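K.L.:
Following this message is one structure expressed as structure tokens.
The values are calculated or read from the model by the stated rules, or taken from the named source; none is laboratory data. Note that the structure is predicted; figures quoted are calculated from it, not measured. Here the Cβ positions follow ideal geometry from the backbone for every residue, glycine too, while neighbour counts run over all protein chains shown.
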Amino acid sequence: MRARMELLKEGMERTIGFKERRYIEELRILTKSTALDCVIDERFDRIIYVIKKGDMGLAIGKKGENIKKMQRVLGRRIEMVEYADDPDTFIANIFKPAEVTGIERSADGKRVNIQVKKKSDLGIAIGKGGSNIEKGRMLCRRFLGLEIDEILLGEEEHEE
């Protein structure tokens, strides 16, 4: 909660509506974990939770049982991202399991390119139909005030 308040003080505009609050409460009841935010993504028919740092294991549950339970209760696909105070770590968490090796910021500091390690990570980071990069764009805008331009392959891969 404190992290959310600090972000709001910094001018990051994030409003949590009734439905989102209900989903956050549902997660807390079913998993005993805390979500800092919840985004309902109509385009990809999913709910994305931003989980308090350290609560990710609780939220997922043994063998993903909590995610499965939440999906049954809410009738939508559930995705979870662990929050981090450090922007680069938070961005890397958004794109997991793809391995983010670098984040290049534009001169004005408002745009970023995400660099991944392997060619297979590129597909994971973009996701089916662009779902993962869209999740990244939504969360980066909402939490960091950043726009994602591109997902690039790490330098060492280009030389092969």
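K.L.:
Search the stretch 70-87 for residues being assigned to a helix (DSSP H, G or I) and surrounded by fewer than 16 Cβ atoms within 10 Å (Cβ to Cβ), and hand back the single one that is nearest to the chain's Cα centre (by Cα).
P.N.:
Looking at the filtered set, the residue picked out is Q71.
K.L.:
For G130, only one of the following conditions fails: (1) in a strand (DSSP E or B); (2) farther than 21 Å from L36 by Cβ. What is its number?
P.N.:
(1)
K.L.:
Which residue out of E150, E157 is at pLDDT below 95, assigned to a helix (DSSP H, G or I) and farther than 22 Å from D45 by Cα?
P.N.:
It is E157.
K.L.:
Could you say which residue among E20, E26 is charged (D, E, K, R) and either in a loop (DSSP other than H, G, I, E, B) or in contact with a helix residue (DSSP H, G or I) (Cβ under 9 Å, 6 or more places away or on another chain) (or both)?
P.N.:
One residue alone meets the criteria, E26.
K.L.:
What are the residues in the stretch 88-147 that are loosely packed, with under 15 Cβ neighbours inside 10 Å and of a type in the set (A, V, I, L, M), if any?
P.N.:
A107
K.L.:
Report yes if some residue within the stretch 97-106 is within 15 Å of M80 (Cα to Cα), outside the structural domain of F44 (by TED's automatic domain parsing) and touching a strand residue (DSSP E or B) at 6+ places or on another chain (Cβ under 8 Å); otherwise report no. Show your work before the answer.
P.N.:
Keep residues of the stretch 97-106 that are within 15 Å of M80 (Cα to Cα), which gives 97-98.
So of that shortlist, the ones also outside the structural domain of F44 (by TED's automatic domain parsing) come out as 97-98.
Among the residues that remain, those that are also touching a strand residue (DSSP E or B) at 6+ places or on another chain (Cβ under 8 Å) are: 98.
Within the stretch 97-106, one or more residues are within 15 Å of M80 (Cα to Cα), outside the structural domain of F44 (by TED's automatic domain parsing) and touching a strand residue (DSSP E or B) at 6+ places or on another chain (Cβ under 8 Å).
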